[in-house]
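The values are calculated or read from the model by the stated rules, or taken from the named source; none is laboratory data. Worth saying up front: this structure is predicted, and the values here are computed from it rather than measured. We place every Cβ from the backbone using ideal geometry, glycine too, and count neighbours over all the protein chains shown.
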Amino acid sequence: MIKNISVIGSGTMGNGIAHVFAQFNYSVSLVDINQTALDQAIQTITKNLDRQVAKGLITEDQKTTTLQNISTFTAIKEGVKNADLIVEAATENRELKLQIFKDLDEAAPENTILASNTSSISITKIAAATNRGDKVIGMHFMNPVPVMKLVEVIRGYQTSDETTQTIMSLSKSLEKTPVEVNDYPGFVANRILMPMINEAIYTLYEGVAGVYEIDTVMKLGMAHPMGPLQLADFIGLDVCLAILKVLHDGFGNPKYAPCPLLVNMVVAGKKGAKSGEGFYKYTVGSKELVVAEKFK
C-alpha cells in the first residue's frame, strides 16, 4: 500500500504534484537541493490552496492538513528513505534525469516505485540507469497539476503489470484520469501537441499571420482554450525546444525539426511567461496579454 510519496524537484510541476498528493492525505517529502526553492514551493502551494478555499473547493481545515502533510528536504537520502513511491520532477534534461534515477535507485528502499514526470524522455532509458527496471514508470502530470485531470502513465520496456496497475489506481485516488501509453518519443500528449505548436511558430516565422491572429484562429475556430503560441509561452519555449529535439532525434523525421525562430528565441533568453517575454509580454499580477514588440 502506497502512503509515503517523495517528490524530487520543487519547481512548477514538483510543487503541484506535492500539493495534490498532500491534499489527498498522502505523506509527502518534497526534495530539492536548494532550500530557497523549497521555501518558494511552499509559498506557491499555500497560495494555490488559498485560491481553492476562496472558490469553495476545499475548507480551511483541509488547507491546514494539506500543508501539514508536506515535509521538505535538501538531501535525497533523507528525503526518500521511507518512500513507497518517488516522483521525479526535475528539469527536462536526459543526463540529469539518468543521474537522479541512479542516485534514487541506490538511496530508496528496494520495493519503492520510481516514477518520472518527464514529458518526452524515454522511460526505458531512464529505467536502464537503475537495477529495478520493473518498478520504473512514467507518471506525466499536466500543468497546472491541481487543476488538470489527465495523468499520462508510460510503460517502459521492463515496467511490470503490477507497477502499472498500482500507478493507474493511485492516479484515480487523486481524482485524476490516468491513460496508459507505451514508451515512444513524446508519448501521446507531446507527440501530437509539439508539432502543432511548432507549426504555429512556423506560421508566424513565414509571415502568414501575427501572434494574435494565429492564436485567435485556433481558439475560436478549433475551440482550444488557449492559442498554441500562448500555450508555448506557458509551457516554456526552452521546454518546447527540448521536447522537439527528443522527437527529432528519436524518429529521425524532419517534420519534428524545431522552427529556427523558436531556437533563436530560446538562445536570446525569451523563454515565455517564466522569463517575462516570449510571443507575449508578461508582468507580475497582470492578466492582460500584450504581444511582444518584435511580433507586432
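A few remarks follow.
- Sole exception among (1) under 19 Å from the mean Cα position of the chain (by Cα); (2) of a type in the set (Ser, Thr, Tyr); (3) under 17 Å from Cys259 (Cα atoms) for Thr177, by number: (3)
- Strands (runs of 3 or more DSSP E) (entirely within the stretch 1-76) containing at least 1 residues that are touching a residue at least 60 places away in the same chain (Cβ under 8 Å) and in the same structural domain as Leu170 (by TED's automatic domain parsing): 4-8, 70-73
- Answer residue from the stretch 23-47, given it is buried (at least 20 other Cβ atoms within 10 Å of the Cβ) and in contact with a Gly (Cβ under 9 Å, 6 or more places away or on another chain) and is farthest from Met13 (Cα to Cα) among those: Ser29
- Looking only at the stretch 268-296, residues that are without any contact (Cβ under 8 Å) to a residue 60 or more places away in the chain, under 17 Å from Leu204 (Cβ atoms) and not basic (Lys, Arg) come to 7 in all.
For every residue, the table says whether it meets (1) in contact with a helix residue (DSSP H, G or I) (Cβ under 9 Å, 6 or more places away or on another chain); (2) at pLDDT 95 or above.
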{"position": "Asn48", "(1), (2)": "yes, yes"}
{"position": "Gln68", "(1), (2)": "yes, yes"}
{"position": "Gly79", "(1), (2)": "yes, yes"}
{"position": "Thr91", "(1), (2)": "yes, no"}
{"position": "Glu95", "(1), (2)": "no, no"}
{"position": "Ala107", "(1), (2)": "yes, yes"}
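- Among (1) over 25 Å from Gln230 (Cβ atoms); (2) surrounded by fewer than 16 Cβ atoms within 10 Å (Cβ to Cβ); (3) without any contact (Cβ under 8 Å) to a residue 40 or more places away in the chain; (4) of a type outside the set (Gly, Ala, Ser), the one test that Glu175 misses: (3)
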